[in-house]
1. Report, in listed order, any pair from Lys22/Lys54; Lys74/Lys154; Lys165/Lys202; Lys34/Lys60 with a Cα-Cα distance greater than 27 Å.
2. Please determine, in degrees from 0 to 90 and to the nearest 10, the orientation of helix 109-119 with respect to the longest principal axis defined by the Cα atoms of the chain, where the helix direction is its Cα long axis.
3. Report the Cα centroid-to-centroid distance between segment 157-206 and segment 1-75 in angstrom, as an integer.
4. Relative contact order of segment 107-152, please, whole-number percent, based on alpha carbon pairs below 8 angstrom and at least 6 residues apart.
5. Springs between alpha-carbon atoms under 10 Å, Gaussian network over the chain: tell me which of Lys64, Lys172, Lys22 tops the mean-square fluctuations.
6. Taking H placed 1.01 Å from N in the peptide plane, check which residues at least 5 places from Ala128 or on another chain put their amide H under 5 Å from its amide H.
7. How would you rank 98-111, 191-204, highest first, on the average number of other Cβ atoms within 10 Å across their residues?
8. For segment 1-105, calculate the relative contact order in percent as a whole number, restricting contacts to Cα pairs under 8 Å that are 6 or more residues apart.
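A short reminder: the numbers here are calculations on the coordinates, not readings from a lab. Note that the structure is a prediction, hence the values are computed from the model and not measured. Cβ sites come from the backbone with ideal geometry, for glycine too, and all protein chains shown count toward neighbours.
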Amino acid sequence: MIKAVIFDIDGVLMDSLEANTKFFQNLLEKSGYKKPPRREAAKTFHMTMWDAIKFLTKEKSDNKIRKIWNLGHKLRYPIKLVRIPDNSAETLENLYDKYKLGIVIGRIRRGLNIFYKASKMRKYFSVAVCFEDYKNPKPHPEPLLIALKKLRVKPEEAVYVGDAKTDMKAAKAADVKFILYSRKKLKGADIHISSFREIENKISKL
């Protein structure tokens, strides 16, 4: 029986592709690098900020990457480009009445607060696990295992809603059911949905 529903943010609770792309273009320019093309910057969408910087700059020096990473904590995020999916607020309100809700993301905590500000949905979540809370990012199961411990549920009592292969691998490694929220299918997902309207009904069948 499912007792907890855990969500990824980017690509699930928040359509942030354009915002993230613009952010990394601005970050590299501010750091003295050539502005990456949109297509190249968009490839970092499911990466941690550290990995995204490393990918875009091709830097091998941790000190140089950390300097840019620290600047990223201060740089203004283009929140006006963020979009919240249709029916997500209504769905979360319904789920909140039946399940414990949590968040597991690869973003730093500032990124979590950006979501809260853009969505006004902070009240629904009792647990949030961010980049600062673990040593091993997804697809390692550590972030999800931390969330399970905080939610006080067993792996078989939880489901993770994500949009990427790294999300699915993390869920599988943590023995948690996985719902793929995407227009594209991904082999191995327990359930595939393309609309928030489907989530509540699909979870009830797990």
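1. Check vs 27 Å cut-off fails for Lys74/Lys154.
2. The angle comes out near 60 degrees.
3. 24
4. 35
5. So, out of Lys64, Lys172, Lys22, the one fluctuating most is Lys64.
6. Answer set, sorted by chain and number: Ile103.
7. 98-111, 191-204
8. Rounded, it is 47 percent for segment 1-105.
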